Amino acid sequence: METATGATPAQIAARAEEFMDRYRSLRAEVSKVIVGQDEVVESVLVAILAGGHALLEGIPGLGKTLLVRTISQALTLNFNRIQFTPDLMPADITGTNVVIEDPSGRRMFQFQPGPIFANIILADEINRATPKTQSALLEAMQEHSVTVAGTMHRLVEPFFVLATQNPLEQEGTYPLPEAQLDRFMFKVLVPSPTLSDLSSIIDRTTGTHDSQARPALDGQQLLAMQRLGREIVVEGVVKEYALKLALGTQPDSEFAPDTVKRFARFGASPRGAQALILAAKIHALLHGRYNVAFDDVDTVALPALRHRIILNFEGEAEGITTDSLVADVRKKTRDASRPQVGV
């Protein structure tokens, strides 16, 4: 097998082994603080290693903020937390021009960077701010830059937005605009802990236990891991399967199941297909494989697509979830593309 850059099998095997060693070190540091939530942690790390942003949703108190902070501690990167509130303004995020006076007494404008100028941004309770303030992140998330008073300011690489939000049923929340949701590679649902995990959490947080995550990766190592992920080649049949999954979320597509045609108003954009492919490449590497399999695409399909399906009125009235629609798309596509189970 060769990668897109023409690396030999021995070279890619050596680099993949190094990739897995670094990931295991990172995962071990996170596990010192975070109890359980293995799927949540892996999904967030897959998004980071694929170069994407992640949105974590769950009721307050489940450790969403702690998880993001712990990951930032395990990465030697600049970290800023932005607490979103209804009175937060766009300039509070991006920064603004302020008037300064030079030694000669002449006044001039100077750009004062906002908290967005860091490698990892924790957008805490992002849906508690107004849509106008939420939209301040759009350019940063897509272009890795911000524009203030007509001047573009580049952000330092690597750059990630790891946002948390409460369910919309909570008071004082605003739904995220569809354009902003689409810029998150993954939307990860954080479940309540199991009995054993809750017991471990109580032991750690009500006793003398005080573990801290230590740095396991720096920025250059992280960028190298991202580049390796992009070099993995996806075979044509697997690529076609991923693309049909993305298209199957669109109600006017020939690949959409009847439930999507009935209950969905919009489906995944090309960013959804990009998220599927990039995340599947990282997932394959994390599990010791140098090629993407159907199962890799299946595993990342739910967090990559669930937030890109917009329900119509009938779907909302019937209580349909986008997770169920993704499951229907996956079943129909799998039955058509994979008549035999396994790869």
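The values are calculated or read from the model by the stated rules, or taken from the named source; none is laboratory data. Everything quoted here is computed from the prediction, not taken from an experiment. Positions of Cβ are generated from backbone atoms using ideal geometry, with glycine treated the same way; all protein chains shown enter the neighbour counts. Remember, those area values only see protein heavy atoms, side chains included, never the ligands or the DNA or RNA. Shrake-Rupley method; radii C 1.70, N 1.55, O 1.52, S 1.80 Å.
Brief remarks follow.
- Search result, residues across the range 315-343 that are modelled with pLDDT under 85 and more than 13 Å from LYS244 (Cβ to Cβ): PRO339, GLN340, VAL341, GLY342, VAL343
- Residues (in a helix (DSSP H, G or I), over 19 Å from the mean Cα position of the chain (by Cα) and within 16 Å of HIS283 (Cα to Cα)) located in the range 217-240: GLU231, VAL238, LYS239
- Where helices (runs of 4 or more DSSP H) fall wholly inside the range 251-343, the ranges with 1 or more residues that are in contact (Cβ under 8 Å) with a residue 40 or more places away in the chain and within 21 Å of the chain's Cα centre (by Cα) are 270-286, 294-305, 322-337.
- Every residue from the range 80-95 that is under 21 Å from the mean Cα position of the chain (by Cα) and buried (at least 19 other Cβ atoms within 10 Å of the Cβ): ILE82, PHE84, ILE93, THR94
- Any hit, the range 37-53, residues being buried (at least 19 other Cβ atoms within 10 Å of the Cβ), polar (S, T, N, Q) and at pLDDT 90 or above: yes
- The set of residues from the range 209-253 being within 23 Å of GLN37 (Cβ to Cβ), open to solvent by 20 Å² or more (accessible area, probe 1.4 Å) and out of contact with any Leu (no Cβ under 6 Å at 6 or more places or on another chain) comprises HIS209, ASP210, SER211, GLN212, ARG214, PRO215.
- TYR174, sole failed condition from (1) touching a Lys or Arg at 6+ places or on another chain (Cβ under 8 Å); (2) closer than 19 Å to ASN78 by Cα; (3) not acidic (Asp, Glu): (2)
- Within the range 12-30, the set of residues being over 13 Å from ILE71 (Cα atoms) and in contact (Cβ under 8 Å) with a residue 40 or more places away in the chain comprises ILE12, ALA13, ARG15, ALA16, PHE19, MET20, ARG22.
- Strands (runs of 3 or more DSSP E) enclosed by the range 130-206 - at least 3 residues per element that are open to solvent by 20 Å² or more (accessible area, probe 1.4 Å): 151-154
- Figure legend. Inter-residue proximity from the range 57-73: first residues more than 18 Å from MET185 (Cα to Cα), second residues open to solvent by 40 Å² or more (accessible area, probe 1.4 Å) and in a loop (DSSP other than H, G, I, E, B), beta-carbon distance below 7 Å, spacing 6+ or different chains. Indicated pairs: LEU62/SER192; GLN73/GLN212.
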